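This report concerns only the one structure given below.
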Amino acid sequence: MPLTLLKIALLIPWTIIMSTLAILAIPQASGRVFRWTARTWSQVILWLFRIRVRVTGAEHLRPDDHYVFVSNHASMFDIPACLAALPPDVNIVFKKELTRVPIWGWALRFGHFIMIDRSNARDAMQSLQRAAATIRAGASVLLFAEGTRTLDGRLQPFKRGAFSLAVNSGRPVVPVTINGTFRILPKGSINVRPTDIELVVGTPIPTAELAGKPGEQILMGRVHEVIAAHYEDQSEGTEHAGFRA
C-alpha cells in the first residue's frame, strides 16, 4: 500500500501537466494533439504501475478506416489500456461523473472526448449524436457496453446505446475484450497491483444492413457473444495467470 500511495502522489503532478496540455489543445479542430496527450498520459501511468498491455487481433483493423469500438469494463485501468493500445484516432465516450475531478475533469468536459449523462435521457441522446458526428468526421469512438464497471468480475448485460450509435452511423463495430484489469484495481479500492492486461480485438462486424431497434438488438447479441467468448471470468475464486510481484 505505501508504494501505491507514492505512485499515486507521482501521478498527481503528471496528470495536472498533461491535463493542462490537453486543455490548451482543445481549440485544435482535429483533436489530434488532445488525443496524443491522453495516449501519452496513459502510457506513463501503465509504466509507473508496472502494467503491461498485450494486444491480439490488431491485424483485423484497417489503418485507413474508423470504427465503433465496444468493450467490457472492469477497472479504471481499462481507459489507459485502451488509449495506449488502440489506434490513436479513438475518442472515448465517458460518463459525466469523471468531469468532477479538477483540471483533468475540465479537459474531459470541454475536450474532444464525448461525455454522456446517464441520468438524463435527452442529454444522453445528444451525446450519441455527437459521437455519430465524430465518426462522420473520420475518427473512431470507444464505448463501454456495460455502462459501468463490473462489481464482481463477471461480464454484465450490455446497454443499447453503443449499438444504437453503431447502427445509426453505419460504421463497423469492433468487439474489444479486456482481460486482467479487475484485480488490478477493483471498484472501491486504491491498492494497485502490477499485472499484465490482455486486449483481444475482434473482427469488425458490419452494420450497414442493420436498422432500427431490431438491428440494434441483433448487433448487441453478436458483440456480447464475441466478447464473452474471449472473456476470462475475474470473479472471486477464479485464478488469473497475469499477476506479477
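Each value in this text was obtained by applying a stated rule to the coordinates, not by laboratory testing. Everything numeric here is computed off the predicted structure, so don't read it as measured data. Note that we place each Cβ from the backbone using ideal geometry, even for glycine, and neighbour counts take in every protein chain shown.
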Problem - Using θ = phi - 60° and Karplus 6.51 cos²θ - 1.76 cosθ + 1.60, couplings along the range 107-112 (whole Hz; Gly, Pro as x) - result: 4, 5, 4, 9, x, 8
Handout entry: Axial C-alpha extent at least 18 Å, average Kyte-Doolittle at least 0.0 - helices from the chain (DSSP)
Key = 2-25, 32-48
Problem - For A74, residues with placed amide H under 5 Å, excluding near neighbours - result: T150
Practice task
Please list 62-69, 31-38, 76-83 highest first by mean number of surrounding beta-carbon atoms within 10 Å per residue.
Solution key: 76-83, 31-38, 62-69
Problem - Other-chain or far-sequence residues with amide H under 5 Å of G57's (modelled H) - result: V201
Exercise for the section: Starting with the highest mean, order 159-169, 44-54 by the number of other Cβ atoms within 10 Å, averaged over the residues of each peptide. Expected result: 159-169, 44-54
Exercise for the section: Among R154, R122, rank each residue by its count of other Cβ atoms within 10 Å, from fewest to most, as a rough exposure measure. Expected result: R122, R154
Practice task
Report the relative contact order of the range 1-156, percent, no decimals, based on alpha-carbon pairs under 8 angstrom and at least 6 residues apart.
Solution key: 29
Handout entry: Cα-based Rg and Dmax for the chain, where Dmax is the largest Cα-Cα distance (Å)
Key = 17.3, 54
